[in-house]
Each structure stands twice: as structure tokens, then as C-alpha cells.
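**Q** Following this message is one structure expressed as C-alpha cells.
The values are calculated or read from the model by the stated rules, or taken from the named source; none is laboratory data. No experiment lies behind these values; they were computed from the predicted model shown. Please note: Cβ atoms are built from the backbone with ideal geometry, for glycine as well, and neighbour counts cover all protein chains shown. What goes into the accessible areas is simple: the full protein's heavy atoms, side chains included, and nothing from ligands, DNA or RNA. Shrake-Rupley method; radii C 1.70, N 1.55, O 1.52, S 1.80 Å.
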Amino acid sequence: MSNMQKPPKNLPPERDPNGEPEQRPTRPPIPNWVVIALLVGFGVLFLTRIPSIVSDPVGNAIEIPYSTFRAQVEANNVLRIEMRGSQIVGRFRNEVPISGTDASGNIRRGTVLFFSTFLPPIEDRELLPKLVANGVTVITSDPSPSTFLILLLNWGPLILIGLLLLWSFSRARQQQSGIFNFGQSRARRYNEEKPQVTFADVAGEDSAKAELAEIVDFLKDPDKYMRLGARIPRGVLLVGPPGTGKTLLAKAVAGEAKVPFFSLSASEFVEMFVGVGASRVRDLFTRAKAAAPSIVFIDEIDAVGRQRGAGLGGGNDEREQTLNQLLVEMDGFDARETVIVMAATNRPDVLDPALLRPGRFDRQITVDLPDRAGREAILKVHTRDMPLSHDVRLDILAGITIGFSGADLANLANEAALSAARNGRERVTQRDFELALDRIIMGSERPPLSNEQERRTVAIHEAGHALVAALTPEADPVVKVTIVPRGRALGVTQSLPSDDRRNYTKEYLFARLVVLMGGRSAEEVVLNQITSGAENDLRVATRLARDMVAQLGMNEELGPVNYGDSDRQPFLGYSLAQPRIYSEETASLIDRETKRLVEQAHNRARQLCRENRHLLEELAEALLKHEVLDQQQVMDILRPALPVSGD
């Protein structure tokens, strides 16, 4: 690697290849068993004190009267003695018949060889000369404890208390050490030696991979660009919906370039203490520069990079200081520093403009939802380790998963595998994928409705959606209709476009409005009543109609004008602080035109239901009988009306 720099001193702790921090060598704490042993030892020593020193070492000695001992001395029957103060312990030459008590206090009768006795209070001046004259071995010892033992007994408790306090402070320091490490970055470092993700593991995002290939080439050979005076973008912002693989792409860049990869979430910068986030930013960039060439990846950067001064009461001081420090660090890169900052977000509209200017995040790469070919490639990646049945058609699955992200497709493959395991199959079949798709799109099945009147109402409602969708040429085709409760819905009519759509016509959007109003219209025509079952339909239809009127310029009265989306601002009170870009009269006109458009769709749906009431009721009866109808069954019932809709 080129342009390697010598790591500066006093760097924060590095992290191992698994992403965990490498701890600095510290003084090992005092083990608990050592503290317990000291407590027990000092306690026993303190309680026993002198008796533990003067205890009789001769276990078989019998205590005898002093007069008996004196008589044996006169008879020259004493072999040796040990004098410990007033106590005498010794051994006779020959056993002496006597009765007395042993060291345990038991009365013993018989002969005695080992004995013990005590000197009388009156000094016996003739004893020692007599012992010497008889050749008795005399040993004397001091029964009082040593000076060291006295010091230990006197100062031992204080020393013990000091050790306990030191141990307590050491434990507290270890537990509170995190307080003093707030300013250190929590980025996880992945070294080039670790098995890496490469572009081969990323499918369905060919355009994004092509743009990132230049970044990889720069990290591999930066001198090739610098010789020509080129400057690689310092910041690369990956923009796209959730689950499209932005983080995976960043890891693939590091894997292809084989450089250290620092990864963390933007929310890890922000703490309750002001200044901690800025300190972590400085620490992160210090570590990245020391490991250059390297990549710093910040996920969900909108958590710290939101527009400053937005919303009521301004912004959060800690977040804004962190953002300011991030901007300064990105400006402070040397021209030859090969550190690239990559970030990901699904809300680029809320980012601060200073973050997106040239010289910072000056390259934005869109990571969009995959197309049909991309979805098939992603499914191949996620099913390459699965035992698939011969009937599995990934191309068909790619065609019916329009709008799915890479994460959704991974979930689909996993749910299919779970379904196969649940049913005791050895291989994953196409049926497992279909069940998994229904579970993801429509929700999990719930117990069927037990009230017959409620079942009939739901059947008529869903039959209305299916009828209107089939008889409206611009609407998406119906794939499945069911009155089995799924998720939060009592019934579901599933419609899917025949191909990927990225541009919508006015006729298509109006057809969606008509289909949304089909359930409410069928209830009015057949049951002559309305229910709460159309609540979600009305919410979606009203939002769609307002977008057509105020956002997309699809209204004749308002014309091709966009009236902003201040009601969708993510910042609290932001719209209150901004001047309205249209008048009260225009706001009233938007409300009227929205209502008119929804009512127009309602009338069209009601007309189709009235003209084809017999087919509507036939479809409802089929739903009551079978509970689930597929596309072919729906078309077989509604075929007599299809030529009429084509006129």
C-alpha cells in the first residue's frame, strides 16, 4: 500500500479484525479469592493470638503434679525437659506409674513417659543445679510472641482495611472507566486479512458497482491519479430506499480494494454530553488517517447530518457540534491522504447543504430498487446454498416481486426455507416461495370470520375491488382475492403490475383511485349501506388524489404547478416557520379538487358495480364458497363483462 503513514503517538486503542477494541495492558485486578484468604487468615490469627503459640507440641504428654516431677528428678529418672516460662514439658528415662490428665483434659491412668507440669510460685533454687548434676538436657524458650508477630497483630487489621479499600477503588475504577472513554470512537475496524465481501456478492446493482469501481481503482493505485493532478472524491454518499444494499456495497469496496474498513452508525456519535460526538469524530479520523489508505463508512448519516436550524427551537447543540466537526475533518484532508468517507442514507432531502457541497460528499450514487433481471440475480445469490426443487422458477419469482428490495428478496428466500422445514420437506419448492410471498405481501393468516353477515360484507367488498380492477383497462391485473383475514385486514385483493413502472400516467393513477373506491361502491350497490371496512382505502385514495392535484400537476383547475410538500417535512414545526407558498384561496381550491377527483373515481366505480351487479354477486358467492380465488378463477367469472370494458 502506498502513502503509508507512521502512526502518531497516543492513539486510541485499535481494534482487532473482528471489530472489537484491543485493550491496553492494565494492572490485573486483585482476585476475589486472595481477598477472602487474607480475611480468613487475619481473622484466625487475631482470634487465636497467643494460644496458638504456646500450645503443647507433645501430643501424648500427661500433666502431673510438680511434686511427682521433683521426686523423679531426685531419682535421676528425667531425660530431658523444655522450660517455657512456668511450664515444663519433658520425658522420663523410664516409665512412671501415675494417674493424671492429658492435653485434651482426659483422665489417664497407667505408666507415663511424656509429662508436663508447672513451676510453683515460690522459686525452687535447687532444681536447675540438680538437673545439671543429673545430666538432664534442659531447653529453654520464650513463650511470648515475637516482635514481628506483635507488629502483625497490632497493624494487621489496618493493613487489611487498606487492602480492601484499594480493591474496592480498583473495581469502581474499572466499572467507571467507560465515562472517561466517551470521546473515543466506537467504529468497528475490519482489516484486509478478514474474509471480505466483494462485488461478486452484490447483485442487482450493476450501475452502482460501475461507479464505485473508480473508487476501488484509486485505493489500489492512488499515484496513477495524483500524477495527473486528479483528486478523488473525498466523500461518496450512497442514496437509496432501505434494504437496497448500501452497506453491502461499502463493504464490497473495501473488500475489492483490500484496505482497512471503519464502520459505524451516525447515531453512535451523539450522546447526552455536549462535545462527546465531536471528540469521537476527531478520534475516528485520526485512526483512519493512521491506517490510510482506508475507508470510513457512516451508516444512516441523516441521524447526525440533518439540516441545522430546522424545526421549532433550532437544532440539538450536540448534534450540530458533531456535524460541524465532521465538516471540518473532511475539509482537513491532505491532497495525498487516501482516506475516503462513504455514507448511506435513505433521506437525502434532510441533509445539511454544507455536507453535500463539492469537496465533501460531492459524489452521490443512487442505489435504487432492482429491476426484474436484478431481482433474479439477487434471488440466485440468496438461494445458492438452498436445496431447491426442480419446479422452482426464479425468473417467475422475479417477475411477481416488483418493488422488492434486496433485503425483501432475502427475507422471501428465508421464509420459503422456513415453510419447507415447517412442512417436513427435503427441498424448497415453488409452493413454498408462493406461500412466503403471500405472507410478506398480505400478512399472516388469521382465524376465519365466524359471523356470516360479516363474511358476506367482506366478500362483497373484495369482489368490488376485483370487479372494478378487471373492468378498468389501465388498472393493474388482479392476482389473488381472499376473504381470509390476513394481518390487519379482513380481506385482501392483490394486484400486481405486469412490469416495472417508474413513470405513471394520469390515466393509470386515476384507475388506481377507481379500484380503491371499488369496495365502498360494491357495499353501497349490493348492501345499500356503508361500513368501516373502507377506512384504509379512503386514506390512500385521498393522499393519492391530493398528490395528483398539488404535486404532479394533473388538474385542469390548478394547472401544471407544484405547490410544495411542506406537510411532509420531517422536522417538528418546520412548516410553521416557513412562509406558505400559496394563498388561502389556492389551499381551498386544492381541497375542492381533491374531493372532486375522489368523488369522480367513486362514481365510476359505483357505475361499474351497478352495470355488472350479477357478476359482482357471483364473484362474492364464489369467495364465500372457496375463500381464496386466483387470477384465472376471477377471470372465468368476469369474462362475460370483459368485452364491454374494452369498447
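**Q** If r is the Cβ-Cβ distance from Asp636 to Val350 and R0 is 60 Å, what FRET efficiency results, to the nearest 0.05? Display every interim value, and only then the final one.
**A** Working: r = 50 Å, r/R0 = 0.83.
Between Asp636 and Val350 the formula returns 0.75.
**Q** Please compute the modelled spin-label separation between Ala587 and Leu165, points set 7 Å along Cα→Cβ, answer in nm with one decimal.
**A** Result: 7.0 nm between the two label points.
**Q** On to the next question. For the residue pair Asp331 and Lys224, what label-to-label distance in nm results when each label sits 7 Å from Cα along the Cα-to-beta-carbon direction?
**A** With each label point 7 Å from Cα toward Cβ, the separation is 3.3 nm.
**Q** Among Lys246/Lys506; Lys380/Lys480; Lys595/Lys625, which pairs are too far apart, with a Cα-Cα distance over 31 Å? Each step should come with its number before you reach the end.
**A** Working: Lys246/Lys506 33 Å; Lys380/Lys480 26 Å; Lys595/Lys625 37 Å.
Beyond 31 Å: Lys246/Lys506; Lys595/Lys625.
**Q** In segment 226-247, whose amide N lies under 12 Å from the spot 7 Å out along Cα-to-Cβ of Ala210? List them in ranges.
**A** none
**Q** Rg (Å, one decimal) plus Dmax (Å, integer) for the alpha carbons of segment 211-285?
**A** When restricted to Cα atoms, segment 211-285 yields Rg and Dmax of 15.4, 46 Å.
**Q** Further question: How much length, in nm to one decimal, is gained on full extension between Met386 and Glu95, taken as 0.36 nm per residue of separation minus their Cα-Cα distance?
**A** Working: separation 291, 0.36 × 291 = 104.76 nm, distance 9.40 nm.
Gain in length upon complete extension: 95.4 nm.
**Q** Just read off the accessible area of Asp283 with the full protein assembly in place, 1.4 Å probe, to the nearest 10 Å².
**A** 20
**Q** If amide hydrogens are placed 1.01 Å from N in the peptide plane, which non-local residues have theirs closer than 5 Å to the one on Gly85?
**A** Amide H to amide H, under 5 Å and 5 or more residues apart or across chains, Gly85 pairs with Ser141.
**Q** Amide H of Leu388: which non-local residues (sequence gap of 5 or more, or other chain) have their own amide H closer than 5 Å, using H built in the peptide plane?
**A** Under 5 Å from the amide H of Leu388: Val428.
**Q** Do me a favour and compute the ellipsoid semi-axes for segment 337-465 from its Cα gyration tensor, root of five times each eigenvalue, largest one first, whole Å. Write down the numbers at each step before the final one.
**A** Values: eigenvalues 303, 118, 32 Å².
Over the Cα atoms of segment 337-465, the semi-axes work out to 39, 24, 13 Å.
**Q** Hey, another quick one. Could you give the length gained on full extension between Glu599 and Gln87, defined as 0.36 nm per residue of separation minus the Cα-Cα distance, in nm?
**A** Working: separation 512, 0.36 × 512 = 184.32 nm, distance 11.90 nm.
Using 0.36 nm per residue and subtracting the Cα-Cα distance, I get 172.4 nm.
**Q** Using the basic label-point model (7 angstrom from Cα toward the beta carbon), what is the His626 to Tyr508 distance in nanometres?
**A** For the pair His626/Tyr508, the computed spacing is 2.9 nm.
**Q** Ranked highest first by average number of other Cβ atoms within 10 Å, how do 460-473, 349-362 line up?
**A** Packing proxy ranking, top to bottom: 460-473, 349-362.
**Q** By how many nm would the segment from Glu452 to Arg610 grow when fully extended, if each residue of separation counts as 0.36 nm and the alpha-carbon distance is taken off?
**A** Details: separation 158, 0.36 × 158 = 56.88 nm, distance 2.37 nm.
Length gained between Glu452 and Arg610: 54.5 nm.
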